[in-house]
Amino acid sequence: MKAEGMKAEDVLKRYVAGERTFAGINLNEANLSGADLSRSDLSGGNLSVANLSGANLSETNLSRAKLNVAKLSGANLAKANLSEAILNVANLTLADLTGADLSQASLVRAELSRADLSNANLSRANLSGADLKDAKLRNANLTNANLSRADLKWTVLTGANLAEANLHGTDMSSADCSGADLSNTELRQSNLSRTNLRGVNLSGTNLRWADLSGADLSGADLSGAKLSGANMTGANLSNANLIGTTLVHVDLTRANLISADWAGADLSGATLTGAKLYDVPHFGVKTDGIICEWVDLSPIGDQSKIYRFSGDETGFFHAAPPTVRLMIDDIFDQDAHYALAVTYRQMAQHYHLAFSPPNIQVGRRRTTLTFELNRDDQLFAICCVALFPFKDAIEVQQRTIALVKLLLSAEIEIRFGVLEWFQPLKAALTQTLTQVNEFKLSEASLQTLSKISFFHAPTKTMLINSSNHSLTLHCHPLFGKRMMAKLDPTVIAIAPQSSSNHLPPLTELVNFIQGFHRAE
């Protein structure tokens, strides 16, 4: 008897007798509920409308099989091969599909609620309109899968790979996606309200008009994602990566953005009223037409520090970060690179300074180190750290102390003491004085640096505040004349040996600090 002509009873008898190969069998509408067909070959078979409820199909080969409208509720399909199988409108409620291969399978409008698909391979599978409520998809492979209009409420997707999947219009409300990869996915108009997206990779994802209200996106990577028109009211975006993200007309009312980085983001037309923005950079974002009455700048988001907008966001947002720019009149070689990295690391660790490594631009004869900071009041302290490995460090330190003392003088106190922004600045400058006086390098470090000619080269230091106003803090007399000095030693003799007596005019210094960011 050929396999395709057998009845359900015949199949079960032959299975008990030890036969396992039933490829191409026709069991359309057969009743095999509770049957044991584990490790058998049913590839290419027709089991449409068959009743396989509670059946044991573990490790069974069902590749390319037809299972349309089949009843598989409670079935054991662990490690089964269902690649390219057709399971449209099939009932797989509570089915065990752990480790199953469902790659390129068709599960259109299939019923998979409470099914266990942990570690299953669903790459390129079609699950459009499928019901996956409360299903388990831990560490499942869903790359390039079609989940459009699927129901994924309360679904567990921890560690799942959904890269480049289609989730257009999907309901993922209250799902757990922590640790999942959703990079470059299509999530347009999806419902992600109250979803756990903690630490999720959403880089390059399309989330236009998605509902992310109350979602937990803390630590998530949304760099380059598109969120135009999305609802993110009350969402937790603390420590999120929003670099280069499109947030046009996004509703961020009461959203938690503490310590998020949105440099280069487009917030045009976005609503920010009540957003928590402590330790968020106020530069490098596009804010044309934003809607905002007030933001919360308190460290824990308890509204203990409120910044109210007066109709003009330019007092809060700035186009560029505060910057220390150090130019060295020499070539940057490998020895200098290594010594500089080690010195900066030691300084940061020993003095507990939070500053990022500099951007390094190496020219044919000149090197530029650029330190981008989060706050204007860090400028004076970080410039001393930047110069510390160099011979010019003493000169810069003296000038910094002189300038800070000038800013803390009675004359400045009388002029600005009553203004709200001055007292926090005064406290920061006082701390800067303490830090600058404490900065020291070990004898071993000093000996190492003294042997490298790069650190003896003339330097120029510029400070640029968040209003893009610059202040030249120091310029060595031979900066730009180094090669000339080598050719003509008399240049050194006639050059002024110190510029410490030529501090910037008080008016210039006052204008510089008035350009500091006031909402920190």
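The values are calculated or read from the model by the stated rules, or taken from the named source; none is laboratory data. Quick caveat, the model's predicted, so the values are computed rather than measured. Methodologically, a virtual Cβ is constructed for each residue, glycine included, from the backbone with ideal geometry; neighbour enumeration extends over all protein chains shown. With ligands, DNA and RNA removed, areas are computed over all heavy atoms of the protein, side chains included. Shrake-Rupley method; radii C 1.70, N 1.55, O 1.52, S 1.80 Å.
Condition (residue is modelled with pLDDT of 95 or more and within 23 Å of A150 (Cα to Cα)) applied to the range 36-50: is it met by at least one residue?
Yes: the range 36-50 contains one or more residues that are modelled with pLDDT of 95 or more and within 23 Å of A150 (Cα to Cα).
Keeping to the range 216-230, report how many residues are surrounded by fewer than 22 Cβ atoms within 10 Å (Cβ to Cβ) and of a type in the set (A, V, I, L, M).
Residues flagged as surrounded by fewer than 22 Cβ atoms within 10 Å (Cβ to Cβ) and of a type in the set (A, V, I, L, M) within the range 216-230 amount to 0.
Given the structure, is Q398 open to solvent by 70 Å² or more (accessible area, probe 1.4 Å), closer than 21 Å to M327 by Cα, assigned to a helix (DSSP H, G or I) and not small (G, A, S)? Working first, answer last.
Values: open to solvent by 70 Å² or more (accessible area, probe 1.4 Å): yes; closer than 21 Å to M327 by Cα: yes; assigned to a helix (DSSP H, G or I): yes; not small (G, A, S): yes.
The answer is yes for Q398.
In the set A341, A381, which member is within 28 Å of the chain's Cα centre (by Cα) and either within 24 Å of G480 (Cα to Cα) or not in a loop (DSSP other than H, G, I, E, B) (or both)? Outline the logic, then answer.
Working: A381 fails: within 28 Å of the chain's Cα centre (by Cα).
Testing whether each residue is within 28 Å of the chain's Cα centre (by Cα) and either within 24 Å of G480 (Cα to Cα) or not in a loop (DSSP other than H, G, I, E, B) (or both) leaves just A341.
To keep it simple, each residue is scored yes or no on (1) outside any loop (DSSP other than H, G, I, E, B); (2) open to solvent by less than 30 Å² (accessible area, probe 1.4 Å); (3) touching a strand residue (DSSP E or B) at 6+ places or on another chain (Cβ under 9 Å).
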| position | (1), (2), (3) |
| --- | --- |
| I258 | no, yes, yes |
| T273 | no, yes, yes |
| P299 | no, no, no |
| S310 | no, no, no |
| L326 | yes, yes, yes |
| I331 | no, no, yes |
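Of the conditions (1) open to solvent by 10 Å² or more (accessible area, probe 1.4 Å); (2) more than 24 Å from I331 (Cβ to Cβ), I360 fails just one. Which one is it?
(2)
L425: more than 24 Å from T472 (Cβ to Cβ), in contact with a Leu (Cβ under 9 Å, 6 or more places away or on another chain) and either among the hydrophobic types (A, V, I, L, M, F, W, C) or part of a helix (DSSP H, G or I) (or both), yes or no? Walk me through how you get there before you give the answer.
Numbers: more than 24 Å from T472 (Cβ to Cβ): no; in contact with a Leu (Cβ under 9 Å, 6 or more places away or on another chain): yes; either among the hydrophobic types (A, V, I, L, M, F, W, C) or part of a helix (DSSP H, G or I) (or both): yes.
So L425 fails the test.
Quick check on my filter: what residues within the range 232-243 are under 20 Å from W209 (Cβ atoms) and surrounded by fewer than 22 Cβ atoms within 10 Å (Cβ to Cβ)?
T233, G234
Exactly one condition in (1) among the charged types (D, E, K, R); (2) over 23 Å from S467 (Cβ atoms); (3) open to solvent by less than 70 Å² (accessible area, probe 1.4 Å) is false for R366; which is it?
With (1) among the charged types (D, E, K, R); (2) over 23 Å from S467 (Cβ atoms); (3) open to solvent by less than 70 Å² (accessible area, probe 1.4 Å) applied to R366, the lone miss is (3).
Answer yes or no as to whether T170 is over 29 Å from S73 (Cβ atoms) and open to solvent by less than 10 Å² (accessible area, probe 1.4 Å). Full working, then the answer.
Values: over 29 Å from S73 (Cβ atoms): no; open to solvent by less than 10 Å² (accessible area, probe 1.4 Å): yes.
No; evaluated as a whole, the condition is false for this residue.
Quick one: count up the residues across the range 272-297 that are β-branched (V, I, T) and within 22 Å of G224 (Cβ to Cβ).
Narrowing the range 272-297 to residues β-branched (V, I, T): 273, 280, 285, 287, 290-291, 295.
Retained after the next criterion (residues that are within 22 Å of G224 (Cβ to Cβ)): 280, 285, 287, 290.
So the answer is 4.
Taking T287 as the residue in question, decide whether it is buried (at least 24 other Cβ atoms within 10 Å of the Cβ) and β-branched (V, I, T). Reasoning before the result, please.
On the way: buried (at least 24 other Cβ atoms within 10 Å of the Cβ): no; β-branched (V, I, T): yes.
No: the conditions fail for T287.
Of the residues that make up the range 401-409, is at least one open to solvent by 70 Å² or more (accessible area, probe 1.4 Å) and touching a residue at least 60 places away in the same chain (Cβ under 8 Å)? Talk me through it step by step, then tell me what you get.
Taking the range 401-409 as the starting set, the residues that turn out to be open to solvent by 70 Å² or more (accessible area, probe 1.4 Å) are 405.
With touching a residue at least 60 places away in the same chain (Cβ under 8 Å) added as a condition, the list becomes none.
The answer is no; no qualifying residue exists.
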